[in-house]
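The structure under discussion appears below in the form of structure tokens.
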Amino acid sequence: FMTTPSLSKTPNRGLFILPSGRAVASSLSALSEADSGFLPRLISMDEFFSNLLLFDTSSEVDSITRRILLHQAYFESDRELKLGFEKEFLRFLATSEFLDNFFSELNGELVKFEDIETGDTYAEYEEHLRILEKISDRYNTLLFENNLYDRKYSQYSSINELYLALFDSITVCIEGYPTNRELEIFAKIATSKNIILYINKNRFTSKLVQKLQRIGIDLTGMIDGEYKIDLGTKTVELIRAGADNKNIEVTYFSERIYQAGFVFYMIERFIDSNIAPEDICVVLPDESFAPILKSVDYYNNLNFAMGESIRRSLFFNKLLAIRDFVCSSDEEAKQKLVYYDCLEFALGYESVDKLLKEILPDNDKEISGKLREKIKELSVRLDTAMEFYSKDSKTALWLFVDALQSETIDDATGGKVTVMGTLETRGISKKAAIIVDFNEQKVPQVSDKDLFLNTKIRAKCGLPTSSEREDLQSYYYGRIAESFDRCVVCYVKNERENPSSLLRFFNTKEVVFGDNEALFVLKKLLSKNRPTVVHTKKDKEIYKVKTLSATSLKDFLECKRRYYLKYIKRLCEHTNESDLKSSEMGTLFHFVAAKVINEQNLKASKIALADSFRKEFSLKIEDSSLPEYEFETYMLLSKLEQFFEYESERLIEYSPVFTEKEFVFSELGVELRGKMDRVDIDKTGKYSIIDYKLKNSVVVDSVKKIESKPEDIVDFQLAIYTLALINILKIDEAEFFERHFEKVCFYDVYNAKIVPEESVQMKIALLRENLSFIGKLDLTVDDFTLCDKKSNCRFCAYKDICGR
């Protein structure tokens with residue numbers, strides 16, 4: 001790896017500090033493959049300071065409590081200064097990231113508020129600084145009062161000498177600019193311990209040279225290259241002179257997605273030139289490109305080092321929609337709730353803990369292992385944090401989602417080509433790099449920190465300026481070009497986007513590969529016969545169908561490719577506004593029907609039933625902030641007159657036993673999940689299983705069709721519901737059908753009639769045949785084939801992806 005002495009397996013008491021955890025993992029992996037011996041002690045910079053610094057108070061503040069205490073400091077300062085801040089806590093949360101970043105920057109660079117005031121000659125920021133200083137002072141006071149410290153803001157009280165005593169020497173490999181506080185601490189350690197810094201000096205490191213001068217190291221006038229610095233003796237040794245700029249290969253495209261085709265093209269070229277896939281990395285200046293790569297990585301050749309943001313998960317998006325709906329009645333969230341089939345969770349929201357118990361079981365495949373434990377840990381921390389701030393459950397939900405959004409889902413696909421962010425390349429050395437998105441605004445990226453205080457003031461008081469941040473990013477890309485054998489760069493060039501100005505610092509060589517070539521590669525990747533780059537068939541992940549609902553079973557039987565895209569790749573269908581409204585009204589009907597039917601006495605009149613439905617619909621719409629659905633409600637109720645009359649008569653003979661009854665049971669090794677709309681019992685003790693249908697035509701499969709074309713039967717909803725009730729009642733199946741079963745049926749709501757499944761036992765037998773077959777399958781990607789019947793594709797949301 002870069003800027004470091006050579007490491008070997010020796011039983012010494014030296015400590016090596018590397019720029020990042022990824023650099024540590026990479027080095028340990030390389031060393032473990034070398035000859036036998038003791039691995040050196042390697043640690044990341046963050047972990048080192050976490051072990052080293054001691055504070056007067058006992059516990060470190062967590063991210064949720066930090067937000068709460070910052071909010072408290074914010075408004076206590078307001079009361080004292082009488083500034084009239086916005087009192088709404090949720091709005092404060094939207095701006096508190098600025099405070100977090102700004103206070104952290106001041107602490108890291110050892111800059112005090114009076115230093116900024118001195119640099120602010122014309123008092124441009126006088127009032128802002130007075131407010132921020134008051135908030136900072138009050139926040140630190142609150143930390144102390146609660147026996148907490150904040151590593152980002154608090155002043156450490158001492159250095160952990162017992163920890164330092166474990167090592168005879170310390171070697172620090174620096175990539176970029178350490179903070180002034182970090183350098184000051186290294187200088188203190190050097191008074192009693194042998195400590196060596198390894199740094200790289202080039203045209204982009206003037207800020208580093210300036211920082212080193214603060215601790216008595218002067219590199220002014222020295223040539224570019226890699227240096228070894230003994231902080232104890234202040235001696236500087238040139239290890240290697242800087243090399244001339246290598247050629248980097250460059251090309252551009254008119255649209256961003258075409259870069260994905262180029263990435264896979266270059267990976268194939270590198271492998272053809274005998275570069276192992278493990279020695280290739282894809283660098284993302286903007287990590288939002290990762291999902292684009294993932295969407296075309298059909299054979300899982302890529303390993304995403306940053307993981308996948310939990311924000312892209314179905315679980316998180318459900319939480320987000322529930323939060324937005326509960327906290328602010330956001331219109332888009334209302335529509336998403338129906339789309340994600342979680343409106344009931346939002347309507348019944350009471351607490352974060354209860355909500356997690358409701359929705360986590362539905363996301364077992366997506367949220368598992370370490371992340372599941374992290375979610376539970378966050379929930380516990382939330383309960384503790386809320387003791388500092390007695391607010392309602394809405395605030396708790398907002399805080400929880402806010403804390404959760406920075407988590408990632410580990411990439412478990414096992415690809416051999418690593419995809420990483422720019423910062424993750426620090427301390428990493430591979431043979432080939434592909435850098436995408438080399439455009440202005442992305443390279444260099446603009447920091448939010450630069451939006452407060454102008455460049456002149458920042459320079460005077462010692463805070464990083466925008467040009468220094470640009471130099472730092474240039475340094476990182478320069479190190480990639482210098483340390484990797486091959487480096488290729490691509491960018492987007494059109495009316496909206498231009499190449500990064502940083503390209504002027506590199507010797508470039510054009511790659512003849514444009515839009516047409518990239519499109520050709522993408523089409524190959526997205527076609528049925530995709531080429532593999534790294535993996536062989538035996539490397540591919542094996543999929544077992546372990547859990548099914550009636551809907552997912554139907555998808556699997558109709559089209560395995562649709563099942564794969566929908567349930568494994570989790571590509572959400574596009575839903576237009578009319579579909580959303582229809583779905584939402586259906587969901588509301590189920591809520592209202594369950595409540596009204598349960599509350600009606602056995603002699604409810606048609607008028608009483610209709611009045612109850614209207615009342616409950618009105619309450620739900622009001623509680624859910626859905627006034628725009630009043631017209632749809634009116635139209636729906638106008639279609640229910642026959643239903644009210646039929647239902648009032650039906651309730652004389654039948655009593656509801658279950659409504660909206662969830663179930664989970666195992667059948668032939670496959671877990672079946674779902675929810676029954678309603679189960680009634682008549683006066684003789686026989687059960688009717690009912691599923692509401694709000695559509696113009698309701699049909700069931702005929703006995704003739706089941707007997708003549710069993711392969712065409714894909715709808716097993718009522719058969720699954722029947723088995724579910726047998727499991728719930730814990731009755732022998734034969735006895736159930738002989739003594740306790742009346743019918744299982746669709747309830748045609750608009751036409752007010754029952755449509756029974758006359759052949760349910762035949763359906764159950766056929767269902768078991770399918771489950772027995774499905775449960776034994778070991779599926780790879782290639783097994784999720786397109787359906788034979790193109791008629792299934794006519795209204796399928798995925799037909800364009802499949803080329804149908």
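The values are calculated or read from the model by the stated rules, or taken from the named source; none is laboratory data. Predicted model only: the values in this text are computed from it and were never measured. As a convention, Cβ positions derive from the backbone with ideal geometry for all residues, glycine included, and neighbour counts pool all protein chains shown.
Here Met762 clears all of (1) within 41 Å of the chain's Cα centre (by Cα); (2) farther than 24 Å from Tyr646 by Cβ; (3) not small (Gly, Ala, Ser) except the condition numbered (1). The residue of segment 475-497 that is farthest from the chain's Cα centre (by Cα), among those that are outside any strand (DSSP E or B) and hydroxyl-bearing (Ser, Thr, Tyr), is Ser483.
The residues on offer are Phe315, Phe304, and the sole one that is surrounded by 20 or more Cβ atoms within 10 Å (Cβ to Cβ) and in contact with a strand residue (DSSP E or B) (Cβ under 6 Å, 6 or more places away or on another chain) is Phe304.
The criterion of at least 3 residues that are closer than 28 Å to Val488 by Cβ and touching a helix residue (DSSP H, G or I) at 6+ places or on another chain (Cβ under 7 Å) is met by none of the helices (runs of 4 or more DSSP H) wholly inside segment 148-255. The set of residues in segment 741-790 that are acidic (Asp, Glu), more than 20 Å from Pro710 (Cα to Cα) and surrounded by fewer than 16 Cβ atoms within 10 Å (Cβ to Cβ) comprises Asp778, Asp782, Asp783. Among the residues of segment 48-62, those that are part of a helix (DSSP H, G or I) and exposed (fewer than 15 other Cβ atoms within 10 Å of the Cβ) comprise Ser50, Asn51.
None of Lys294, Lys336 is among the basic types (Lys, Arg), at negative phi, assigned by TED's automatic domain parsing to the domain that holds Leu355 and surrounded by 16 or more Cβ atoms within 10 Å (Cβ to Cβ) except Lys336. Residues of segment 273-280 include at least one that is in a helix (DSSP H, G or I) and of a type in the set (D, E, K, R).
Let's see how each residue does on (1) in contact (Cβ under 8 Å) with a residue 24 or more places away in the chain; (2) in a strand (DSSP E or B); (3) under 20 Å from Gln717 (Cβ atoms); (4) out of contact with any Cys (no Cβ under 9 Å at 6 or more places or on another chain):
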position	(1), (2), (3), (4)
Phe737	yes, no, yes, yes
Val755	yes, yes, yes, no
Met762	yes, no, yes, yes
Ile774	yes, no, yes, yes
Leu777	yes, no, no, yes
Thr785	yes, no, no, no
Asn792	yes, no, yes, no
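Of the residues making up segment 123-133, none is out of contact with any Leu (no Cβ under 9 Å at 6 or more places or on another chain), among the aromatic types (Phe, Trp, Tyr), farther than 30 Å from Phe186 by Cα and not in a helix (DSSP H, G or I). When each of Tyr265, Tyr340, Tyr258 is tested for being touching a residue at least 12 places away in the same chain (Cβ under 8 Å) and under 20 Å from Leu565 (Cβ atoms), the lone residue that passes is Tyr340. Filtered by the rule that a residue be over 26 Å from Gly21 (Cα atoms), among the hydrophobic types (A, V, I, L, M, F, W, C) and surrounded by fewer than 20 Cβ atoms within 10 Å (Cβ to Cβ), segment 143-173 gives a lone residue, Phe144. Taking every residue in segment 297-318 that is at positive phi and pairing it with any residue that is polar (S, T, N, Q), at least 6 positions away or on another chain, the pairs with Cβ-Cβ distances below 7 Å are Asn300/Thr413; Gly307/Thr408.
Considering segment 239-251 alone, what residues qualify as being more than 20 Å from Phe186 (Cβ to Cβ) and among the hydrophobic types (A, V, I, L, M, F, W, C)? Hits for segment 239-251 are Ala241, Ala243, Ile248, Val250. The requirement of being loosely packed, with under 15 Cβ neighbours inside 10 Å and either modelled with pLDDT of 85 or more or among the acidic types (Asp, Glu) (or both) is fulfilled nowhere in segment 16-31; no residue meets it. Among residues of segment 409-464 being in a loop (DSSP other than H, G, I, E, B) and in contact with a Cys (Cβ under 6 Å, 6 or more places away or on another chain), the one that is modelled with the highest pLDDT is Val436. Among the conditions (1) surrounded by 15 or more Cβ atoms within 10 Å (Cβ to Cβ); (2) over 30 Å from Gln473 (Cα atoms), the only one that Thr179 does not satisfy is (2).
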